[in-house]
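Everything below concerns the one structure shown next.
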Amino acid sequence: MHKTTCPLDCYDACSVIFEDGKLKGDPNHPLTQGFLCPSLNNFLKQKRISNPRYNGENISMDKALELLSRKLKNSPKRNTLLFKGSGNMGKMQDVSNLFFEKIGAIFTRGSLCDGAGDAGIVEGRGANLALPISQIAKSDVVVVWGRNISTTNAHMMRAIKDKTLIVIDPIKTKLAKKADVHVQLKPRTDFFLAILWARFAHLEEMEDLDFIDSHTEYYEDFVDFFRGYGIKYLIDEVDVTVKTIMSSLTLMKDAKVTFLVGVGVQKYLHGNGVLRSIDSLAAMMGQFGKEGCGVSYLSDSGYRFANPFAHKGKTVSKPTLNFSDYDTVFIQGGNPCEQMPDSNRVKVGLEKSDFVVYFGLYENESSKIANLVLPAKTFLEKEDVRLSYGSEFAGKMPKLMDSDVGISEYALTEFLLDSFGYEALKSEKEYCEEILTSNAKEIDGYFHSCNYEEIPYSNGFFTEDEKFIFMDDIDDEKCDEEEGYFLITCKPRNSINSQFERDHYLYISSANGFEDGDRVKVTSKYGTVQFIVKVSDDLRSDCVKICSGAQGLNYLTPSLKSNEGDSAVFQEVKLKLEKG
Ligand SMILES: Nc1nc2c(c(=O)[nH]1)N[C@H]1C(S)=C(S)[C@@H](COP(=O)(O)OP(=O)(O)OC[C@H]3O[C@@H](n4cnc5c(=O)[nH]c(N)nc54)[C@H](O)[C@@H]3O)O[C@H]1N2
Ligand SMILES: Nc1nc2c(c(=O)[nH]1)N[C@H]1C(S)=C(S)[C@@H](COP(=O)(O)OP(=O)(O)OC[C@H]3O[C@@H](n4cnc5c(=O)[nH]c(N)nc54)[C@H](O)[C@@H]3O)O[C@H]1N2
Ligand code: SF4
Ligand SMILES: [Mo]
C-alpha cells in the first residue's frame, strides 16, 4: 500500500491510497474520509497519449526532444510563450519555468479561474487564506455563495451537514434544495446582495463595533458607500423577495457564520469588487479571526511557502493574450483551444504561430492543432508535492510506478537545460522537500500548512496596518447590456474541466419552451455554436447553463479580463437562442 495525493484541480486535494493497481480514498484522512470522486476513480482507465508526434507522425521521444531543442534554438525571433494550464496541481509543474526564464520566454500572469476574486480579497485583507475544516465545523451558519459544493468540493459536505445553511446561487443546486434559505438571485448581482445585506445589517444594528474599531479601517466610508444605493433598486436588481433577504439575514444574527465562496460570483468584469463586498459585509459583522467565522474562497495555497521556481520573466495577461505574437507556443498541462475564452480568437492566433507544442496527458482540442505533441507522465510516475486551495492540507506525491510512456516536467526541463549548456537542476526530491518543509508540519501523518496554526486573521490582517480595509467604491460597468440569456458556465460532475467524461448539453428551464433533445443554435457577440437541450427546472428562466468542457462553449465567451486580477470573465456575455 502506498499513499499519494490527488493531482487534479479541485478544492479537496484528497489523500489517495494506491494498492493492487487501484486508487482508493484514504479512510484516515480527516477530509477525504475514504472516498474519491468519479474523475479520480476513472483516472487509470483514461486513454492517454502514448507516442510523441510531429505534424501527425509518431516519432520517438529522443527525436521529439531533439526537434524541440532545435526549434527553440532557431526560433526566428527567439520569441517563445510558455502557456500553462492546471491539469496537474503538483508544484513540480513549475520546474519548467527555470528553463524558459533562461531563454527569455514570455510567461502568463493572471488566471482563467479565480484571479478576480483573489484580487478583491487581497485589496481588503492583504493575503488570501482559506478556512481550516476545524473552523468550519465550529460555525453555526454556513453561507455557500456561488460554490457548487456537492459537485466541486464534495468532501466538504460532511463538514457542513448539520449547519444552518444559506445557499446563494441562480441555480437550485443539490445543496440549495437542502438549504434553510436558497437565495436564487439573478446572475451577476452578488455585489448588490452584499450591499443590500450590509444596509439591512446596519439598520438592524448587527455591526460588531468593537471589531470594527480595533481591526478595520474606513468603515464610515463603507457606510456612506452602501447608503448610496437605494433599497428598492437593490431588491429589483437581485430579483428575490424581501422576505428571503430578511429571513437569511436574521439567521446570521448573533451566530458564528462561515461564508464558503466559489468562482461563480466572480466570472465578471467586477469580480474583484464582488469578493471585496462579501468580505466587507462579513467584516462589519465581525466575522473574521474568531472561532467558527470567516470567508473562505480559493486561497493562495503557496502563501509563505518556498518557491524555487519563481521567475523574473516578462508576462502577458492570460485571458487576453494573443498567440499570434509568438513564433513558438509551448502549452503545458492545459487545453487553451477549449478552455480559454473566445475560441475563435485563440485558434486563429495559434494557427499564425510557427510552432505549437502540446505537452499533456490526453488528446484534446489543443493536441489536435499542435505541431509537436509530447506525452507527459502521470502523477503516479513522477515525484511531486501539492498544496491545497480549499483547506489547510498539503500532501506528498511520491513516484509509485515506472512507465515507458511519456516524460516528466522535471526530465524535460533537465534535457533542455543540458542541451542549451545551462546549469543542471537539483534533484526532484530536494525541490519537493524544500517546498513542503518551508511552511508545512506533519500532524498525525498528514501535512498541514503552517498558515493555519492560528485561526486565519486572528492576529490581524496582512495589510500594512494589519487592519481590514473596507471598500468605498466599485467599477461596475457592464460590458454587455444586450437582451438575451445569462450564461452560467460551471463545473461538470464527472469531469475536471475538459478532462474525463465531458458534459456537452445546454440546460434550460421548461418555462422557455424547449424540450429534451431539441437542437439549439446559440449566438453571442463572439460566435455561434449548436447544442442539444436538456430541460432543467432548477434554472431561472433568464439563464442557460453550459458546463466547463462542453465542446465549443468558449466560442461564445469574451476575451476580456476582470478589472483587477487579470482573470477571465466567462459570464460577461448574453446569449440568443434559436431552435433547429
Ligand atoms: N467535478 C468537478 N470538480 C471541480 C472542477 C470540475 O471541473 N469538475 N473544477 C475545479 C476547478 S478548476 C475549480 S476553479 C473549482 C470551482 O468550483 P466552484 O467554485 O463550485 O465553481 P463553479 O462550478 O464554476 O460555480 C459554482 C456555482 O456558482 C453558481 N453561479 C454562477 N453564476 C453565479 C452568480 O452570478 N452568482 C452566484 N451567487 N452564483 C453563481 C453556479 O450556478 C454554480 O452552482 O472546482 C474544482 N472542482
Ligand atoms: N466556459 C468555461 N471555461 C472555463 C471554465 C468555466 O467554468 N467555463 N473554467 C476555467 C477554469 S476555473 C479553469 S481552472 C480552466 C482549466 O483549463 P485547463 O487548465 O486547460 O484544464 P483541463 O481542461 O483540465 O486540461 C488540462 C490538461 O492538462 C493535461 N495534464 C494533466 N495532467 C498532466 C501532467 O501531469 N502533466 C502535463 N504536462 N499535462 C497534464 C491533460 O492532458 C489535460 O488535457 O478552464 C477555464 N475555462
Ligand atoms: S474530489 Fe477532487 S481531490 Fe478528491 S479525488 Fe476528486 S478531483 Fe481529486
Ligand atoms: Mo479553476
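The values are calculated or read from the model by the stated rules, or taken from the named source; none is laboratory data. If you're wondering where the values come from, they're calculated on a predicted model, not measured in any experiment. Cβ placement follows ideal geometry from the backbone for every residue including glycine, while neighbour counts extend to all protein chains displayed.
Listed by first and then second residue, the pairs linking a residue in the range 290-310 that is in the same structural domain as L275 (by TED's automatic domain parsing) to a residue that is modelled with pLDDT under 95, with Cβ atoms under 6 Å apart and 6 or more places separating them unless they lie on different chains, form an empty list. Scanning the range 241-292 for residues that are within 16 Å of ligand 3 (Cβ to nearest atom) and part of a helix (DSSP H, G or I) turns up just one, V263.
If only residues of the range 1-34 that are among the aliphatic types (A, V, I, L, M) and within 13 Å of ligand 3 (Cβ to nearest atom) are counted, the one that is nearest to R158 (Cα to Cα) is L31. Only one of the numbered conditions (1) of a type outside the set (K, R); (2) within 25 Å of V238 (Cβ to Cβ); (3) outside any loop (DSSP other than H, G, I, E, B); (4) within 16 Å of ligand 2 (Cβ to nearest atom) is violated by F531, and that is (2). Residues that are surrounded by fewer than 17 Cβ atoms within 10 Å (Cβ to Cβ), free of Cβ contacts under 8 Å to residues at least 12 places away in the same chain, charged (D, E, K, R) and part of a helix (DSSP H, G or I) do occur in the range 433-448. Quick check on the range 343-356. Is at least one of its residues of a type in the set (A, V, I, L, M, F, W, C), surrounded by fewer than 24 Cβ atoms within 10 Å (Cβ to Cβ) and in contact (Cβ under 8 Å) with a residue 60 or more places away in the chain? Checked against the condition, which is being of a type in the set (A, V, I, L, M, F, W, C), surrounded by fewer than 24 Cβ atoms within 10 Å (Cβ to Cβ) and in contact (Cβ under 8 Å) with a residue 60 or more places away in the chain, the range 343-356 yields at least one hit. How many residues does the range 378-408 contain that are more than 16 Å from ligand 1 (Cβ to nearest atom), over 30 Å from N51 (Cβ atoms) and part of a loop (DSSP other than H, G, I, E, B)? Total meeting the criteria: 1. Condition test on K478, is it loosely packed, with under 15 Cβ neighbours inside 10 Å, within 26 Å of the chain's Cα centre (by Cα) and either at pLDDT 95 or above or at negative phi (or both)? For K478, the condition - loosely packed, with under 15 Cβ neighbours inside 10 Å, within 26 Å of the chain's Cα centre (by Cα) and either at pLDDT 95 or above or at negative phi (or both) - is met.
If you go through the range 106-129 and keep only what is of a type in the set (A, V, I, L, M) and away from ligand 2 (no atom under 16 Å from the Cβ), you end up with I106, I121, V122, A127, L129. For the range 35-43, the criterion of a residue being within 16 Å of ligand 3 (Cβ to nearest atom), in a loop (DSSP other than H, G, I, E, B), modelled with pLDDT of 95 or more and surrounded by 17 or more Cβ atoms within 10 Å (Cβ to Cβ) is satisfied by at least one position. Consider M92 carefully, then state whether it is away from ligand 1 (no atom under 16 Å from the Cβ), of a type in the set (A, V, I, L, M) and in the same structural domain as F107 (by TED's automatic domain parsing). Considered against the rule, which asks whether it is away from ligand 1 (no atom under 16 Å from the Cβ), of a type in the set (A, V, I, L, M) and in the same structural domain as F107 (by TED's automatic domain parsing), M92 comes out as yes. For the range 1-22, filtered to residues that are under 18 Å from V405 (Cβ atoms) and more than 22 Å from the chain's Cα centre (by Cα), the residue that is farthest from ligand 2 (Cβ to nearest atom) is G21. Within the range 51-63, residues that are loosely packed, with under 10 Cβ neighbours inside 10 Å have Cβ atoms under 9 Å from residues that are aliphatic (A, V, I, L, M) and in a strand (DSSP E or B) in these pairs: N55/L372, counting only partners at least 6 apart in sequence or on another chain.
Just one residue in the set R199, R188 is closer than 30 Å to F486 by Cβ and assigned to a helix (DSSP H, G or I); that residue is R199. Once the range 357-396 is narrowed to residues that are acidic (D, E) and crowded, with 24+ Cβ neighbours inside 10 Å, the residue that is nearest to F100 (Cα to Cα) is D384. Taking the numbered list (1) modelled with pLDDT of 95 or more; (2) more than 16 Å from ligand 2 (Cβ to nearest atom) in turn, P187 passes all entries but (2). Consider the range 480-513 and keep the residues that are over 25 Å from Q551 (Cβ atoms) and in a loop (DSSP other than H, G, I, E, B). The one that is farthest from ligand 4 (Cβ to nearest atom) is E483.
Looking only at the range 331-368, which residues are touching a Lys or Arg at 6+ places or on another chain (Cβ under 7 Å) and in a helix (DSSP H, G or I)? Once the filter is applied, which keeps residues that are touching a Lys or Arg at 6+ places or on another chain (Cβ under 7 Å) and in a helix (DSSP H, G or I), the range 331-368 yields only C337.
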